[in-house]
Amino acid sequence: MPFRAPLTNHHADGTLCPADHKHTSSGKPLHADCPGRSYTQAVCSCGDWAMKERGKGYVNECRKRHLAGHAQGPKVLRDLLRLDTP
């Protein structure tokens, strides 16, 4: 089963900002009942990685980088399985 690290947006009080609440790139709300996105969070299902930052793009980039590391497998295992022929 592949690992997942979904992005979630949150208001300043920590409550979840619903996916249907659209924002400008700076996090200002475009939905009348939304106080605005304060931070974006991603938590990996591996249990060893989580990130919470104001910049949604930065969190998404780090999330993608982390998930790509899972696709490569653990470094120790990659090093052991490497077939270097002289």
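Give all pairs with beta carbons closer than 7 Å in which a residue from segment 43-66 that is outside any helix (DSSP H, G or I) meets a residue that is among the aromatic types (Phe, Trp, Tyr) and surrounded by 12 or more Cβ atoms within 10 Å (Cβ to Cβ); count only pairs at least 6 apart in sequence or on separate chains.
Qualifying pairs under 7 Å: 44/3; 45/3; 46/3; 52/39; 53/39; 54/39.
Across segment 1-24, what is the total count of residues that are farther than 23 Å from residue 67 by Cβ, open to solvent by 100 Å² or more (accessible area, probe 1.4 Å) and out of contact with any His (no Cβ under 8 Å at 6 or more places or on another chain)?
1
Pull up segment 37-62, narrow it to residues that are of a type in the set (D, E, K, R) and over 22 Å from residue 12 (Cβ atoms), then point me to the one that is modelled with the lowest pLDDT. I'd like the intermediate steps shown before the answer.
First, the residues of segment 37-62 that are of a type in the set (D, E, K, R): 37, 48, 52-54, 56, 61.
Among the residues that remain, those that are also over 22 Å from residue 12 (Cβ atoms) are: 48, 61.
Numbers: 48: 92, 61: 95.
If we take residues in segment 37-62 being of a type in the set (D, E, K, R) and over 22 Å from residue 12 (Cβ atoms), then 48 is modelled with the lowest pLDDT.
Just to be sure, is residue 13 modelled with pLDDT under 90, of a type in the set (D, E, K, R) and in a loop (DSSP other than H, G, I, E, B)?
no
Identify, from the list 80, 67, the residue that is modelled with pLDDT under 95 and surrounded by fewer than 16 Cβ atoms within 10 Å (Cβ to Cβ).
80 is the lone residue from the list that is modelled with pLDDT under 95 and surrounded by fewer than 16 Cβ atoms within 10 Å (Cβ to Cβ).
Evaluate the following for residue 34: is it farther than 13 Å from residue 10 by Cβ and open to solvent by less than 60 Å² (accessible area, probe 1.4 Å)?
Against the criterion (farther than 13 Å from residue 10 by Cβ and open to solvent by less than 60 Å² (accessible area, probe 1.4 Å)), residue 34 does not qualify.
The values are calculated or read from the model by the stated rules, or taken from the named source; none is laboratory data. The shown structure was predicted, so the numbers you read here are calculated from the model rather than taken from an experiment. Note that each Cβ is placed from the backbone with ideal geometry, even for glycine, and that neighbours are counted across all protein chains shown. For the accessible areas, the whole protein counts, side chains as well, though only heavy atoms, and no ligand, DNA or RNA atoms are used. Shrake-Rupley method; radii C 1.70, N 1.55, O 1.52, S 1.80 Å.
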